[in-house]
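**Student:** Pasting a structure below so you can have a look.
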Amino acid sequence: MPPEPLQRQKDDALAAFEAGDYGRAAPALAALLHQFPSDAVLQRCCGMALVRVGQAERGLRHLRRAVQLAPADPVAALWHGIGLQSAGRNDAAAEALLAAARLRPDDAAPLVHRARALLAANRPEEALASARSAVALAPALPDAIHVLRHAELASLAEPDAAAWRALGLACLMLDRIPDARDALEQAASLSPNDPEVIGLLARVLHVSGEPVTALAMLQDARTGGPDLDAVRAACLLMNNRPDEALAALGEATDPYARAIRIAALISAKRLDEARTLLGREAGDAGAAEILFVRSGFRLAALDGRNEALPSLANWLGTLAMQRGRFWIEDRLDALFLLGEWHHAQKRPDAAFAHWQAGHALLAAAQPFSRETHRALLDGIMRIPNGAGSGITDQTPVFIVGLPRTGTTLLEHILAAHRDVHGAGERLAVRETLLALTGENAIDTALQKAAALDRDTLGAAAERYLAELKTLAPDRRYVLDKMPDNLLLLPFIAQLLPGARVIFCERDARDVGLSIFRQRFLGHHPYAHHPADLGWYIARQNTLARHWQTTLPLPMLCVNHGDWIEDFSGTLARVLGFLDLPHDPACEAFHRQDRVAETASRDQVRRPINADGVGLWKDYATPLAPLLRELDAG
């Protein structure tokens, strides 16, 4: 038995390894091996930790030693094969993994990894045999199904739509969203009207942050059927359109469609109908189980049956972590719902853990690159101001700011005014820029736009304004609160020099927490890790300050705290900026019937309050990476 201090070090190192903290585990395990060089467990854990941090060759030395020390250990044999594969030695990996499979003949894992190694070694027929053996041992294992579909595809001389569709589904159930998209787009190119392909690709697009494209694809589908109706209804429901979701379900009666119907009834506040339908459910629900449990949880919360919530929360949380059993969007909804419930119960650690698990799923679907975003901002800030259109019409007002800074609140307050129309988040500026430049990349498009002549810009401005005024012909101002307009302000200054801009601001720490709590449906790749989120907030604030000093547009900054501390004074300042008279309806903004489609839709139906002010302090420890980035600026 090792001395007590060494035993503690060993326990800590192994605990770090089990927790997936390989960067900390690898050096700690390597140090311990000086004391215990014949410990096979330490050798294989050290080897695998090094493999996981990208040091496969170093790791292989320890993995080989582990196999020498414990030749009958199936885990050591398996990890040795994985290490060889990570080092690119695929033929050797296939042989090592065959040996691992013989040590544990009832385990599918060595066969799954062997099939992957054989595919990488361009031995598809052998890979297919290994994958089939893995699926025979574990028919429901997502990894086994995925490698089987991959091997089937590789074995075909000319892969057909069905093979690509099967691979896309397998990737989707493994949360490998970019791979799923690639495969399903291949399937769609071969069979564009296949309803299963359309439904799967719509799911992939939705979780990738393209809900508008996903819904358009589903609405335009020439073929249908109950399965596609259920996917269409699910997407509508996720976009807070429960009545349309109910209509889309039609006569679909399978368990998933029934689960969507119940969830939509709850969202539509038809609770008695939802309770009745949920009470009839029994038996195996398959992929719908997580939806039924989530609806049960929501109804219990709405009914005040607090004693039922802990067990339902545990059940729902367990289901949400089961990759391969349930659709990723349904797991995401469950995780963020549970995060908010734990937050309301004053359990910040549990709340943050659920939000973090949700963002980990989203990060795989929406990867973020600081280098790419930095290059974008640097590029657009270097573009010189271009010529203006000469059109001084003051109808457009742009509300810009990070999510959760009060942009929806400001729009709601101003839209209550008799002379103002709130148009929500419009794509019109981006579409006009694309039409004029033919460029999708924002920096390239802005560069080209800066060189446009006055006549070209003037004609585009007239078209833009004509369309804008059809939204509310009798209103003096039309508001546009599209967040991406912050990047497009140089073009707005050229196209619409008479426009006005209102920047919304808020304590960056509260902004960070508020964004991290949200399951945004759009493309928000920066939001999925606290450090990236803090970095992004700091960069966007820098960009806003740059525009305020370099662009010739009339601009006003409004801090979210201003509304809380002095609503009347802030309202007067905003109305004065727009040369508008006082309208008492603005003070009763929360009584409007207009629908907000953003994450702030519930908040704008309540009077101004300070509920979210300083809330970040309860989460200071897990938010430490975000706070460091904010401090760094």
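**Student:** Just checking, does the range 76-91 include any residue being closer than 18 Å to LEU14 by Cα and more than 37 Å from the chain's Cα centre (by Cα)?
**Tutor:** no
**Student:** Would you please name the residue that is nearest to ASN122 (Cα to Cα), looking only at residues in the range 51-102 that are open to solvent by 50 Å² or more (accessible area, probe 1.4 Å) and of a type in the set (S, T, N, Q)?
**Tutor:** The qualifying residue nearest to ASN122 (Cα to Cα) is SER86.
**Student:** Let me ask something additional. Would you confirm whether any residue within the range 505-513 is within 29 Å of GLY386 (Cβ to Cβ) and touching a residue at least 24 places away in the same chain (Cβ under 8 Å)?
**Tutor:** Within the range 505-513, one or more residues are within 29 Å of GLY386 (Cβ to Cβ) and touching a residue at least 24 places away in the same chain (Cβ under 8 Å).
**Student:** Please go through the range 126-141 and pick out each residue that is among the small types (Gly, Ala, Ser) and over 32 Å from the mean Cα position of the chain (by Cα). Steps first, please.
**Tutor:** Let us first name the residues in the range 126-141 that are among the small types (Gly, Ala, Ser), namely 127, 129-131, 133-134, 136, 138, 140.
Correct list: ALA127, ALA129, SER130, SER133, ALA136.
**Student:** Can you tell me which residues in the range 568-586 are under 35 Å from the mean Cα position of the chain (by Cα) and at pLDDT below 95? Step through it out loud before you land on a result.
**Tutor:** Step one: of the range 568-586, the residues under 35 Å from the mean Cα position of the chain (by Cα) are 570-571, 574, 586.
Scanning the range 568-586 gives a single hit, CYS586.
**Student:** Against the condition more than 30 Å from LEU495 (Cβ to Cβ), modelled with pLDDT of 95 or more and touching a Gly at 6+ places or on another chain (Cβ under 6 Å), how does LEU630 come out, does it pass?
**Tutor:** Judged against the criteria, LEU630 is a match.
**Student:** While we're here: Can you find even one residue in the range 317-332 that is free of Cβ contacts under 8 Å to residues at least 24 places away in the same chain and more than 22 Å from the chain's Cα centre (by Cα)?
**Tutor:** No, there is no match, as no residue in the range 317-332 is free of Cβ contacts under 8 Å to residues at least 24 places away in the same chain and more than 22 Å from the chain's Cα centre (by Cα).
**Student:** Among the helices (runs of 4 or more DSSP H) lying completely within the range 453-561, list those that include at least 1 residues that are open to solvent by 10 Å² or more (accessible area, probe 1.4 Å) and of a type in the set (Lys, Arg).
**Tutor:** Answer list for the range 453-561: 454-470, 508-516, 530-550.
**Student:** Would you pick out the residues in the range 104-125 that are surrounded by fewer than 17 Cβ atoms within 10 Å (Cβ to Cβ) and more than 34 Å from the chain's Cα centre (by Cα)?
**Tutor:** Residues satisfying the conditions are ARG104, PRO105, ASP106, ASN122, GLU125.
**Student:** Among (1) part of a helix (DSSP H, G or I); (2) open to solvent by 70 Å² or more (accessible area, probe 1.4 Å); (3) more than 27 Å from ALA134 (Cα to Cα), which single condition is SER38 missing?
**Tutor:** (1)
**Student:** So how many residues does the range 231-261 have that are touching a residue at least 24 places away in the same chain (Cβ under 8 Å) and not in a helix (DSSP H, G or I)?
**Tutor:** 7
**Student:** Something else now. Is it the case that some residue within the range 247-255 is buried (at least 23 other Cβ atoms within 10 Å of the Cβ), under 20 Å from VAL207 (Cβ atoms) and at pLDDT below 95?
**Tutor:** yes
The values are calculated or read from the model by the stated rules, or taken from the named source; none is laboratory data. Everything numeric in this text was worked out from a predicted model, so none of it was measured. As a convention, Cβ positions derive from the backbone with ideal geometry for all residues, glycine included, and neighbour counts pool all protein chains shown. Calculation scope for accessible area: heavy atoms of the full protein, side chains included, ligands and nucleic acids excluded. Shrake-Rupley method; radii C 1.70, N 1.55, O 1.52, S 1.80 Å.
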